[in-house]
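Please treat every number below as a calculation from the coordinates, not as lab data. What you see is a predicted model, and the numbers here were worked out from it, not measured in a lab. Glycine also receives a Cβ, built like all others from the backbone with ideal geometry; neighbour counts cover every protein chain displayed.
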Amino acid sequence: MNMPASSSNRGRHIAISPPHAEGTPSGWYVTSGPELPLNVLKGDLDCDCLVIGAGWMGLHAARRYAEVRPESSVVLVDAGRIGNNASGRCMGFAIDLAHNPRKHDFVEDVQGNLDELHANLEGNAYLRSAVEEHGVECDWDPQGKYHSAATDHGVADLVSFSNALDRMGQKYRWVEKDEIQSITGSRHYIRALHHPGTILIQPAKYLKNATLALPKNVTVYENTAVKGVQYGSPRHLFETTNGTIRPKKVIICTAGYLTKFGFYANTAIPVYTFASMTRPLTADELTQVGTHNAYGLIPADSFGTTVRRTVDNRLFLRNVYSYANDFLITRDQVMATRKHQQTAFNRRWPGLSKMGFEVSWGGLLTLAQNGGMVFGQLADNVYGAAFCNGTGVSRGTAFGKAIAELAAGQSSPVIEILKRKVPPSRAYPKLITSLGVRFVTGRRFKQAGNEV
Ligand SMILES: Cc1cc2nc3c(=O)[nH]c(=O)nc-3n(C[C@H](O)[C@H](O)[C@H](O)COP(=O)(O)OP(=O)(O)OC[C@H]3O[C@@H](n4cnc5c(N)ncnc54)[C@H](O)[C@@H]3O)c2cc1C
């Protein structure tokens with residue numbers, strides 16, 4: 001088992017390379033309303049608990065720690081703007097039964113899926129409580145998702161997925177050609193499977209509004225990158241660009257960047273995936289995109305194209321996985337993948353192919369060679385939750401909530417499930433990993449054919 005390397009970190013100074021700025025903003029971010037008031041850390045402060053990283057994991061870890069320890073001072077820092085990180089760049093499916101995007105038919109082992117379901121349901125309940133109890137506006141829509149096939153091999157993948165759902169006793173509904181074509185206005189699709197339980201959200205809106213709704217004992221600093229650390233007792237020392245933070249306890253929720261904090265070195269496989277969004281469709285154009293006002297389609301083949309129609313009547317598509325050398329993807333690389341989203345768009349709505357896209361962007365998925373994830377205590381008063389392995393909205397929320405409860409000395413069934421998760425294994429040397437990822441993703445993309 002790959003250990004977090006806790007004892008060797010104590011007392012030594014670790015320099016941390018912060019995340020690269022993204023080459024383009026995401027479509028969700030630019031349509032998510034007013035910017036949060038920007039608060040950058042300047043100067044030095046002490047706090048009881050520092051949470052680093054404000055994605056699904058970190059935001060919910062900060063919220064939960066502050067809820068269960070209302071007497072504690074909690075600080076949440078992020079290197080960038082909240083909502084413009086991978087979490088805000090995602091497709092906005094909060095998935096109760098997470099599919100495994102690395103498998104052809106998404107199917108995991110049954111016990112793994114049941115554990116996943118249990119944790120993700122808690123994640124979704126926590127998201128729901130933000131919406132219902134704290135008024136977090138995010139275009140919340142619990143309509144479920146359509147797994148949609150455009151080819152015979154896609155239909156075969158759906159059948160295999162349905163068999164796995166049967167084994168788990170899950171409800172679903174077959175959606176035949178006429179219905180899926182009427183929902184989407186696209187002749188591209190030939191069959192679909194509707195699985196309830198997924199909630200569609202506008203992720204950047206959620207993250208920004210949930211930040212505003214955090215308990216009063218949380219202070220948030222954005223554009224505040226952590227650049228160095230000395231773990232110690234009774235306080236750790238974190239250096240940021242313009243100040244230091246000395247917390248008694250830290251919860252690190254920095255996705256693949258957790259490996260820069262002295263734990264699980266060389267385990268993160270940084271992979272980007274890409275999306276493009278149209279402008280709002282006109283009334284005339286809307287007659288060509290089906291009868292549903294908003295929906296979410298997952299491709300039957302995991303290397304196909306994911307589609308959302310948003311509540312403000314935009315279409316957007318995600319496809320292509322690409323190894324991100326040193327976690328970096330440039331603007332040029334983002335724009336180069338746009339042609340694949342355009343091809344996918346043209347296949348689905350040839351009558352609208354001239355409209356093009358308003359925004360294109362990419363976002364980081366952290367994978368581990370063995371599909372492992374980080375959850376738990378990493379050292380004295382150091383906790384971590386990271387590595388989404390593809391689907392991180394519900395799962396990240398559950399991880400964030402549970403890691404805060406663990407750090408606060410609590411126990412729960414979800415904590416026990418997550419403690420059983422396999423930790424990330426060491427990746428092969430970088431050259432081999434990057435060539436391997438490029439080869440596999442390139443081949444799977446070609447095999448996906450018209451599912452793209
Ligand atoms: C295009 C796309 C579509 C996706 N669609 C879906 C979907 O529909 N459903 C789903 O479940 N998942 C989806 N995902 C995956 C999902 O986005 C991720 O699983 C999720 O964002 C991971 O959340 P996180 O909190 O672990 O990490 P992140 O969102 O990456 O947050 C980590 C944060 O840590 C901060 N950080 C890192 N280093 C430092 C430092 N040194 N100092 C300070 N801050 C630091 C970063 O700035 C970042 O904000 C998608 C991903 C992409 C890219």
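Here's how it looks for Gly376: its modeled amide H is under 5 Å from those of Gly384, which are all 5 or more places away or on a different chain.
The Rg/Rh ratio for the range 375-434, using Cα coordinates for both the radius of gyration and the Kirkwood hydrodynamic radius, is 1.05. One equal scatterer on each Cα of the range 189-316, no solvent, Debye formula: the resulting log10 I(q)/I(0) at q = 0.11, 0.12, 0.15 Å⁻¹ is -0.69, -0.77, -0.98. Against the main long axis of the alpha-carbon atoms of the chain, helix 110-134 sits at an angle near 80°.
Dipole check for the range 372-452: with +1 at the C-beta of Lys and Arg, -1 at the C-beta of Asp and Glu, and the Cα centre as origin, the magnitude is about 480 Debye.
Where Lys and Arg each count +1 and Asp and Glu each count -1, what net charge lies around Phe263 among other residues with Cβ under 14 Å from its Cβ? Walk me through the intermediate numbers first.
On the way: positive: Arg10, Arg12, Lys260, Arg426; negative: Asp380.
Once all neighbours under 14 Å are counted, the net charge is +3.
Computed from backbone phi with θ = phi - 60° and the Karplus coefficients 6.51, -1.76 and 1.60, the 3J(HN,Hα) list for the range 72-79 is 8, 8, 10, 10, 10, 10, 9, 5 Hz; x is used for glycine and proline.
Electrostatic bookkeeping for Gly362 treats Lys and Arg as +1 and Asp and Glu as -1; over the other residues with beta carbon under 13 Å from its beta carbon, the sum is +2.
When the range 7-451 is described by a simple charge dipole with +1 on each Lys and Arg Cβ and -1 on each Asp and Glu Cβ, the residue from Pro270, Val175, Leu281 located farthest towards its positive end is Pro270.
Under a Cβ-only charge scheme (Lys and Arg +1, Asp and Glu -1), can you give me the dipole magnitude of the chain about the Cα centre, in debye to the nearest 20? Kindly include the intermediate steps, with their values, before the conclusion.
Working: 49 positive and 39 negative charges, 212 e Å.
Roughly 1020 debye, rounded to the nearest 20.
Each eigenvalue of the Cα gyration tensor of the chain, multiplied by 5 and square-rooted, gives one semi-axis; in descending order these are 36, 23, 21 Å. Can you bin the range 53-95 into rounded, prolate or oblate? Criterion: square roots of the alpha carbon gyration tensor eigenvalues sorted a ≥ b ≥ c, rounded for a/c under 1.5, prolate for a/b above b/c, oblate for the rest. The shape class here is oblate.
What order do you get for Thr241, Thr31 when you list them from fewest to most C-beta neighbours inside 10 Å?
Final ranking by Cβ density, sparse to dense: Thr241, Thr31.
Cross-link pairs exceeding 28 Å in C-alpha to C-alpha distance, out of Lys145/Lys216; Lys208/Lys249; Lys145/Lys205; Lys260/Lys419; Lys145/Lys446; Lys216/Lys421, comprise Lys145/Lys216; Lys216/Lys421. Return the loop-located trypsin sites (Lys or Arg not before Pro) in the range 365-435 (DSSP other than H, G, I, E, B) with at most 11 other Cβ atoms within 10 Å of their own Cβ; answer none if there are none. Counting only loop positions with at most 11 other Cβ atoms within 10 Å, the trypsin sites (Lys or Arg not before Pro) in the range 365-435 are Arg420. With 0.36 nm allotted per residue and the present C-alpha distance subtracted, the Asp166-Asp332 stretch has 55.4 nm of extension available.
As I understand it, the value is the acute angle between the Cα axis of helix 393-407 and the longest principal axis of the Cα atoms of the chain; what does it come to in degrees, rounded to 10? On a 0 to 90 degree scale, this one is about 20.
For the chain, the longest principal axis of the Cα atoms and the long axis of helix 331-348 meet at an angle of about 30 degrees. Projecting the Cα positions of Gly372, Val218, Thr184 onto the charge dipole of the range 7-451 (unit charges on Cβ atoms of Lys, Arg, Asp and Glu, taken about the Cα centre) puts Gly372 furthest along the positive direction. Mind checking the range 16-102 for GluC sites (Glu not before Pro) that DSSP puts in a loop (not H, G, I, E or B) and that have at most 12 other Cβ atoms within 10 Å? Sites meeting the loop and neighbour criteria: Glu71.
What net charge do the residues around Glu22 carry, taking every other residue with its C-beta under 11 Å from that of Glu22, with Lys and Arg at +1 and Asp and Glu at -1? Each step should come with its number before you reach the end.
Values: positive: Arg81, Arg89, Arg331; negative: none.
Once all neighbours under 11 Å are counted, the net charge is +3.
Looking at the range 7-451, what % of its DSSP beta bridges pair antiparallel, to the nearest 5? Kindly include the intermediate steps, with their values, before the conclusion.
Working: 51 of 75 bridges.
For the range 7-451, the DSSP antiparallel bridge percentage is about 70.
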